[in-house]
Every structure is written in structure tokens, then in C-alpha cells.
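Here's the structure we're looking at; comments come further down.
The values are calculated or read from the model by the stated rules, or taken from the named source; none is laboratory data. All values reported here derive from a predicted model rather than from experimental measurement. Every residue, glycine among them, receives a Cβ derived from its backbone with ideal geometry; neighbour counts consider all protein chains shown. Note: accessible area is taken over every heavy atom of the protein model, side chains too, but ligands, DNA and RNA are not part of it. Shrake-Rupley method; radii C 1.70, N 1.55, O 1.52, S 1.80 Å.
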Amino acid sequence: MSIRIVPLDEAGRLQTAAGEIPPLLLPQPAERYLARSRRLSALADGHPMAAYLAFAARIAAAQHRLVREQPVALPQRGDYFHHCAEHGLPPLGAAAWPRDPVWRDLLRALCAELAALPGPAGEVARELGQTSDDALENAARALLDGDFAAVGSARAPLLWAALSVYFSQLASQLQVAAVAEPDDARHLCPVCAMPPVASVVRLGNESGLRYLHCSLCESEWHLVRAKCSNCEATRDIGYWSLEQGDSQQAAVRGESCGDCGSYLKILALDKDLNAEPAADDLATLALDQQLEQHGFARSGVNPLLFPG
């Protein structure tokens, strides 16, 4: 991968120059899920999708509580992380990572909290909470392999939410350094190898820099602007928004690529400081419809809404 992750004890010989762009920002799960829940609740007010955004806010709030009340420790795996660094592999490659059964405990706690919801949401939560261990592992495997149809759009957000709490906590504890390498391969998360939900143009120490935000472990990794986040082409990049007039002023835009026919949304924090990748992506599905009507296909995954 073009961002290689190495253990801290190997980082000394790979030190980058002071002031160089940080290739990787590891997650802070408790802060992330709380911000997401609050943003979803705010976006729900008067929105055509108000009921679903409010449901998604409940999921994010439950994730926040799980991080605080059921912490997950990163296991010691001998030379495993050194092996990943040596071969340029993501240290928490989600499809191959040997999941601890604790992720199922997280799922069942999440489902118990959501089981009292009225209608289909509560029914799905109750059903998942009673699903066998083997069936849950099969569903998780299918989700992480991208076989969303095998899981179904009703169950996928809850399964993914528990997996995200699990992997984001592991990622937050990695003692690693990230090294930017010259090849173009940044379409997947360098930590867990999952696709992004959106990209974010940041403020603060990374002001003006664009980072892709992982749909699973909540890490962020750098990618220069005006480059396709899927194929890294620069020749035919277009920008779309729901705003009238200059799309450059929109906080949420679609970034399309004429070379590979894909798109991903890009959020500008200087236009809206409260924008949050998963929340604002979910609240702008009309922009997805616009892009898909013009023949572009989404390259990322929203953890709160899966195709069904």
C-alpha cells in the first residue's frame, strides 16, 4: 500500500522531515461516535429522512456508550505487526483479522439497547440479539468481504456498528508510525483495508489537507486533493453539489472521476465546522441520486446505510 505502517520501534530509521504531512490519523472512537450522534440528531430536524437519521443517531449514541462501558484491548500478537510492516500489509486487515468473540458481545449489547425501538428497527435488533455465534460470524465475514446482499440492508448497519466499535478501539491503540510511499494505492484504509465513507478537508494542524475517512475503523489517511480517491486519476475530476450556483461554496460535494466512473463525497470543514463524514454523507442522498443519474457509481461505504 502507498501508506506503510510500521511499529514504533522500527520508525527511527524511517523518520520523515519535520513539517511533512502526517500520512495517517488514528481514531478517537469515543469522540467520533459522540460527534456523529449529535450531528445526526441536528441534521434530522426538518429533514425528509428525519426518522432514519434519528435512528442512525441512536446507533451512534449506543456505539459511544459501548466504547466507554465495554472497552476492547489490542491483543499482543508476537511478531505479527512486524510481519505486516515488512510486507506492506494493513495491521488490522479486517477480512483476515482473527476476530475476538468480544465483538459479538458488543453487538448483543447494541441490540439490547435498540430492541425497545418500535417497528422493524426493534424487530431486527431483537432478532440479531438472539442469532447464533456461527451465524453472526458468517454475516460478519460476508459484510467485510463486501457481500452486502448476503446480509441484508436491515441487519448490516447493526452488525457493522458493532464491528466498527471493535476495530476502531483496536486501531486507536496501535503503536505505529506511518510512512508515505510513492506508489498510488490509497483507495482503501491502510489500517484495516476497508473503503472510505467520504473524504474531509480538515482544519487545525492539517488545515486544507484532504483525508479519507474509513467506514470501519474510523482512521483517516491523506490523499492530495483533485485526485480520484478510487483510481487516483487527475485528468477528469468533477464536482457536484445540491447548492445553487458555485459548488465550491458547498460544505458537501460529490467528487466524480471520468476515468473510472466512480464518485465519493468530500466535506469541507471550513464551510461547516460540524460536518461529520458518515452523518453528512447519509443526509445528502439526493446528491448520490444526482451523480448516479449521470452514470457514476459510489466507491465508498456508508456504515449506516447499505444497499439492499
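From the list Asp133, Asp147, Asp100, the one residue that fits, being in contact (Cβ under 8 Å) with a residue 24 or more places away in the chain, over 21 Å from Arg65 (Cα atoms) and charged (D, E, K, R), is Asp133. Being surrounded by 15 or more Cβ atoms within 10 Å (Cβ to Cβ) and more than 25 Å from the chain's Cα centre (by Cα) is the filter here, so list the residues in segment 127-153 that pass it. Residue satisfying the conditions is Thr131 alone. If you go through segment 257-282 and keep only what is within 27 Å of Leu163 (Cβ to Cβ), among the aliphatic types (A, V, I, L, M) and open to solvent by less than 20 Å² (accessible area, probe 1.4 Å), you end up with Leu264, Ile266, Leu267, Ala275, Ala278, Ala279, Leu282.
Of all the residues in segment 160-201, those that are open to solvent by less than 10 Å² (accessible area, probe 1.4 Å), part of a loop (DSSP other than H, G, I, E, B) and touching a Lys or Arg at 6+ places or on another chain (Cβ under 8 Å) number 1. I'd like to verify a number: residues in segment 209-238 that are open to solvent by 30 Å² or more (accessible area, probe 1.4 Å), in contact (Cβ under 8 Å) with a residue 24 or more places away in the chain and more than 16 Å from Leu26 (Cα to Cα), how many? Going through segment 209-238 one residue at a time, the tally reaches 4. In segment 268-292, the residues that are free of Cβ contacts under 8 Å to residues at least 24 places away in the same chain reach residues that are in a helix (DSSP H, G or I) and open to solvent by less than 30 Å² (accessible area, probe 1.4 Å) with C-beta atoms within less than 9 angstrom, at least six apart or across chains, in these pairs: Asp272/Asp280. For segment 82-114, the set of residues classified as assigned to a loop (DSSP other than H, G, I, E, B) and touching an Asp or Glu at 6+ places or on another chain (Cβ under 9 Å) consists of Gly88, Ala95, Arg99, Pro101, listed by residue number. Taking the condition modelled with pLDDT of 95 or more and within 19 Å of Val72 (Cα to Cα), does Leu212 pass? No: the conditions fail for Leu212.
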